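Encoded as structure tokens, the structure appears first; notes follow it.
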Amino acid sequence: MLLTSRETTEVRPVDAGDKQLAVRLSALGAHLRAGEVATVAALFATRRLEPGEALITEGQPTRTVFLLTEGTLAVKARVGELDSELGRLRPGALVGEIGFLDGQPATASVVAADDATVQALDRDTFGALERSHPRVAMQLMHAITRTLAGRIRTATDRLEALRGGDERPDSRGFIEAFRSLLGMGLS
């Protein structure tokens, strides 16, 4: 199968079986039936990134959620006067889910730390899925919101632990809490 990414004009060969496996093993495929996994995998546009290439730019709106299938992505954000690498994402990670849900500017930049491949699902394609396969669309939305809710809960727990009687966590604690919100954990 050949897919063309919406963000590049380059056509790249993609193995449909690999895409299905990636979806099935991710949070997105957890509650999908086999045929539904195939439906979802067919909707994804494959995008390959070279080291240093930006997938998401902090402050820019995005309406796409990405599933990392190969390589490593670095998440970076400006915290005060510092540009900080908040962490690295490995295959199976979702990224861009906040912008996918609300269409607002990205809260962090995401760049390829090495050669990376992502599967992209934009809001327009998701809208078509909602009309043609409402159950599948609902399951995907649940997976995305569960991922985000887990990240928020972890960040909240870390902020509470940092407060420990102190009303203001130090900046290192803030960065660690922000990292957990983005699914990075402690390094």
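Quick notes
- With the highest mean first, a sort of the peptides 120-126, 21-27 on other beta-carbon atoms found within 10 angstrom per residue produces 21-27, 120-126.
- Sequentially through the range 49-66, phi angles give Karplus couplings (6.51, -1.76, 1.60; θ = phi - 60°) of 10, 8, x, x, 6, 7, 9, 9, 10, 3, x, 9, x, 9, 10, 10, 9, 10 Hz, Gly and Pro residues having no value and appearing as x.
- Put simply, the amide H of Gly92, placed in the peptide plane, has neighbours under 5 Å in Leu68, Thr69, leaving out anything fewer than 5 places away on its chain.
- The length gained on full extension between Thr57 and Leu101, counted as 0.36 nm times the residue separation minus their Cα-Cα distance, comes to 14.2 nm.
- Approximating the spin labels as points 7 Å out from Cα along Cα→Cβ, the Arg131-to-Arg33 distance works out to 2.4 nm.
- Maximal additional length on extending the Met141-Asp18 stretch stands at 42.1 nm, based on 0.36 nm per residue less the C-alpha distance.
- Highest average first, the peptides 107-115, 131-139 ordered by how many other beta carbon atoms sit within 10 Å of their residues are 107-115, 131-139.
- Only the Cβ atoms of Lys and Arg (+1) and of Asp and Glu (-1) were treated as charged; on that basis the dipole of the range 50-181 about its Cα centre amounts to roughly 520 debye.
- In loop segments of the range 36-77 as defined by DSSP, the GluC sites (Glu not before Pro) with at most 16 further C-beta atoms inside 10 Å of their C-beta are Glu53, Glu58.
- Here the Karplus relation 6.51 cos²θ - 1.76 cosθ + 1.60, evaluated at θ = phi - 60°, turns the backbone of the range 129-137 into coupling constants of 5, 4, 6, 8, 9, x, 5, 5, 4 Hz, with x for every Gly and Pro.
Taken together, the values in this text are just the output of simple stated rules run on the coordinates, not laboratory data. Quick caveat: nothing in here was measured; it's all calculated off a predicted structure. Heads up, the Cβs are rebuilt from the backbone with ideal geometry, glycines too, and the neighbour counts pull from every protein chain shown.
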